[in-house]
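Chemist: Sharing a structure with you now.
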Amino acid sequence: MSDNPADYPSVSAWNRRSEREFVDGFPLAYPVFGEASFKEPCLVVSGSDGSRVVRLEFVEDRLREVDGRPVLDLVFRDDLLGLSIEHRFAVFAEQDLIARSVVLQNAGSEVLTLERALSAAIPLPPGEYDAWTLHGQWGREFGLFSRPLLPAKFVTESRRGTSSHEAHPWFAVRPRGETAEHSGSVWFGSLAWSGNWQAAFEVERNDAVNIVVGIQPFDFGWRLAPGEQLATPELLVGYSEEGLGGASRQLHQYEAQVQLPENHRERLRPVLYNSWEATGFDVRAEQQLALARRAAELGIELFVVDDGWFGARDNDRAGLGDWTVNPSKLPGGLRSLVDEIHKLGMQFGIWVEPEMVNPDSDLYRAHPDWAYHANGRESTFGRNQLVLNFARPDVQAAMYEQLRNLLKDHGRIDFLKWDHNRNWTEVGWPEEPDRQREVWVRHVQGVYDVHARLRSEFPWLMIEACAGGGGRSDLGILRWADQVWISDNTDAADRLQIQYGYSRAHSPRTMVCWVTDVPNQQTGRIAPLEFRFHVAMQGVLGIGGDIGEWSATDLAIARRMIEQYKQLRPVVQHGRQYWLVPPAAVGPCAVQYVSAAGDASVVFMYQVRGIRGAGARRARLRGLNAAPRYRRDGWAVERAERRKG
Ligand code: GLA
């Protein structure tokens with residue numbers, strides 16, 4: 001970073017510039033196309049005459065209070081175009097974060113077309129930086145990558161419909177070469193959006209950096225009629241001098257104190273059982289009840305029936321779209337299963353995938369036009385399913401109605417796992433030619449809206465977000481979902497990496513982790529049960545194995561570990577998290593949690609593969625109070641690989 005302020009053009013230099021001077025390298029909070037700048041812009045608007053030149057004049061600043069917190073609005077206008085724009089800076093002093101967004105309003109009399117409407121720009125002073133971002137794929141989500149920012153642009157994004165497995169809408173920028181977990185400057189951001197998004201990092205001529213983030217501009221278009229407005233998603237931005245760890249704790253606090261659904265924000269997440277890996281599509285009442293009895297004996301608090309209970313769902317070729325109980329699988333109806341599970345002292349949860357449809361379903365037979373399609377073009381299938389056009393108000397209404405009936409007709413359903421299992425293709429809406437490029441955004445708004453309506457009608461309901469594992473784990477969905485299924489990969493050693501990456505951006509109370517069987521269904525690897533438990537205890541503990549087949553010894557271990565987790569849970573789920581030793585493919589790994597008051601701490605330390613006895617035995621603890629003495633309460637040592645013999 002340059003220490004010389006002269007290297008960074010000032011606001012007064014900006015004001016002194018002649019009207020037609022190019023303005024590259026100036027720090028702009030919201031560059032727009034039409035200024036004499038070649039920066040990556042946040043805003044492109046075309047007027048009714050096709051012009052795309054925007055010139056904003058400052059109108060006023062307004063300081064408001066929202067929920068007791070200050071919000072600064074800076075209002076600008078382009079009278080020629082008839083556009084008004086409010087830049088919002090919502091200040092979260094406790095978490096030391098700012099939520100940036102804009103509201104674009106058509107204040108004129110002609111229709112405007114928004115070609116690009118990002119949330120914010122972050123200008124950084126001239127310097128040498130690295131960008132840190134999260135990338136992956138199905139089963140390998142949340143890999144942490146860093147790369148130097150050099151002349152030219154680096155773009156990270158999703159164009160798949162959801163925020164995606166491939167890239168996660170979180171980023172950090174650090175001075176070049178700095179990697180320390182607990183120290184060093186970090187500028188960071190997280191976009192609260194569950195659809196297509198983009199973040200572009202651009203090194204300018206003077207080595208200043210321009211970062212722009214928001215809704216993906218590719219194939220985006222929004223018709224803004226006179227009087228209408230569009231509010232962009234919030235980009236949460238912050239700065240830490242405590243490395244990526246410090247940045248993550250600010251984001252965790254924001255989730256815990258501001259973003260998560262308020263009614264369950266402080267509620268300790270229940271230990272859950274999910275029957276997917278045990279029974280697959282072959283859901284039957286008796287077999288689920290047998291699992292439930294076992295689960296209750298183990299101390300499980302929430303029993304979740306996954307895919308396979310509805311419609312003609314014997315495999316993934318049929319049934320999606322028909323959210324009614326399959327009577328041959330649950331002959332006594334869903335209600336009797338729900339009641340039995342409640343009688344066992346557990347809550348009841350169920351899986352749905354409301355944005356999807358199989359062509360082999362009553363819904364599709366009645367409404368083939370409800371799935372995205374392009375006239376005259378064959379549709380592409382993913383897992384034999386199509387994506388419903390959730391931009392359509394009638395689709396939203398129909399799916400809301402089905403979910404509402406599910407939740408009210410079968411006794412009290414406490415929990416929904418809301419899945420989304422394929423990327424979008426042929427994203428067309430031929431009946432609305434003018435609105436086709438709006439669907440990427442309207443779909444996500446529709447999903448949020450259905451969540452909001454369900455939550456208000458069924459306030460006890462908890463929702464788990466899922467998209468083929470962690471394909472839609474973002475700050476946006478965490479306004480409506482209480483927790484996230486972050487990966488279908490439940491191999492404990494792989495999970496350490498995935499959970500580490502996830503926790504850069506999101507809090508332990510939202511991170512669902514299952515203990516599953518060995519050899520692991522996805523990876524074929526074997527690890528001891530205690531290790532699997534200790535890894536799954538890092539967030540919201542769940543069991544996903546076939547406990548009907550577990551030995552008496554394993555069941556006894558499980559009972560003991562679930563009991564232990566319940567004791568540690570307040571610190572794990574609500575404490576501050578410190579990665580003492582980030583995970584590596586071979587070697588030690590340690591993570592610590594400290595209660596808000598600093599009076600209790602939990603440490604998990606692992607040795608992943610490698611030579612027995614050669615792992616690290618020490619790690620310097622963090623976040624403890626200097627004065628008091630701490631008493632060690634528990635001590636368990638397990639190895640990550642099955643011992644010989
Ligand atoms: C997705 C989810 C799994 C499971 C299956 C069911 O892959 O990530 O956890 O729910 O769908 O089909």
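The values are calculated or read from the model by the stated rules, or taken from the named source; none is laboratory data. Everything quoted here is computed from the prediction, not taken from an experiment. Cβ placement follows ideal geometry from the backbone for every residue including glycine, while neighbour counts extend to all protein chains displayed. All accessible areas refer to the heavy atoms of the entire protein, side chains included, with ligands and DNA or RNA removed. Shrake-Rupley method; radii C 1.70, N 1.55, O 1.52, S 1.80 Å.
Chemist: Could you work out how far apart the two model spin labels at Ser379 and Ser551 are, taking each label as a point 7 Å from the Cα in the direction of the beta carbon, and quote it in nm?
Modeler: 4.9
Chemist: If you take the C-alpha gyration tensor of the range 105-199, multiply each eigenvalue by 5 and take the square root, what semi-axes do you get, largest first, in whole Å?
Modeler: 28, 19, 11
Chemist: Continuing with this model, one more query. With the full set of protein chains in place, find how many percent of the accessible area of the chain is carbon and sulfur; take the probe as 1.4 Å. Spell out each step's value before the answer.
Modeler: Working: 12710 of 26010 Å².
So the carbon and sulfur contribution to the accessible surface is 49 percent.
Chemist: Once both labels are modelled 7 Å past Cα along the beta-carbon direction, what's the Arg52-Ile526 spacing in nm?
Modeler: That separation, rounded to one decimal, is 6.1 nm.
Chemist: Along the Cα→Cβ direction, 7 angstrom out, place labels at Ala585 and Asp96. What is the inter-label distance in nm?
Modeler: The answer from the label model is 3.6 nm.
Chemist: What are the radius of gyration and Dmax of the range 5-253, computed over its Cα atoms and given in Å?
Modeler: Calculated on Cα positions, Rg and Dmax stand at 18.1, 54 Å.
Chemist: Further question: Enter the mean projected area of the convex hull around the alpha-carbon atoms of the chain, in nm², rounded to one decimal. Each step should come with its number before you reach the end.
Modeler: Values: hull surface 122.3 nm².
Taking a quarter of the hull surface, the average projection is 30.6 nm².
Chemist: Which of the peptides 575-585, 295-305 is most tightly packed, and how do the rest follow, judged by the mean count of other Cβ atoms within 10 Å per residue? Provide the component values of the computation, followed by the final result.
Modeler: Details: 575-585: 20.2, 295-305: 22.3.
Sorting 575-585, 295-305 by mean packing, highest first, produces 295-305, 575-585.
Chemist: Right, here's the next one. Rank-order 207-215, 129-137 by packing density, defined as the average count of other C-beta atoms within 10 Å over each peptide's residues, highest first.
Modeler: Going by the mean number of other Cβ atoms within 10 Å, highest first, we get 207-215, 129-137.
Chemist: Leaving out ligands and nucleic acids, and using a 1.4 Å probe, what accessible area per residue does the chain come to in Å²?
Modeler: Ligands and nucleic acids excluded, the result is 40 Å² per residue.
Chemist: Still on this structure: For Asp282, put the label point 7 Å out on the Cα→Cβ axis and report which residues of the range 323-355 keep their amide N under 18 Å from it.
Modeler: Of the residues in the range 323-355, 328-331 have backbone N under 18 Å from the label point off Asp282.
Chemist: Given the Cα-Cα distance of Asp369 and Ala180 and 0.36 nm per residue of separation, how much length would full extension add, in nm?
Modeler: This chain segment gains 62.8 nm when fully extended.
Chemist: Can you tell me the length gained on complete extension of the stretch Arg205 to Phe218, counting 0.36 nm per residue apart and subtracting the Cα distance?
Modeler: Difference between extended and current length: 2.1 nm.
Chemist: Check the chain and count each lysine pair with an alpha-carbon distance under 28 angstrom, considering only pairs eight or more places apart or from different chains.
Modeler: 9
Chemist: Given R₀ = 51 Å, what would the calculated FRET efficiency be for Ser328 paired with Arg16, taking r from the Cβ atoms and rounding to 0.05?
Modeler: Details: r = 78 Å, r/R0 = 1.53.
The formula returns an efficiency of 0.05 here.
Chemist: Based on the Cβ-Cβ distance of Arg64 and Glu266, what FRET efficiency does E = 1/(1 + (r/R0)^6) give at R0 = 30 Å, to the nearest 0.05? All intermediate terms of the calculation are to be shown ahead of the outcome.
Modeler: On the way: r = 27 Å, r/R0 = 0.89.
The calculated FRET efficiency here is 0.65.
Chemist: Defining a contact as two alpha carbons under 8 Å apart and six or more residues distant in sequence, what relative contact order in percent does the range 5-253 show?
Modeler: Here the relative contact order equals 21 percent.
Chemist: Here's something else I'd like to know. Take peptides 68-76, 197-205, 448-456 and line them up by average Cβ neighbours within 10 Å, highest first, as a rough protection proxy.
Modeler: Result, highest mean Cβ count within 10 Å first: 197-205, 448-456, 68-76.
Chemist: Still on this model: For Ile611, project a label point 7 Å along Cα to C-beta. Then give me every residue of the range 575-592 with its amide nitrogen under 18 Å of that point.
Modeler: Inside the label zone: 585-589.
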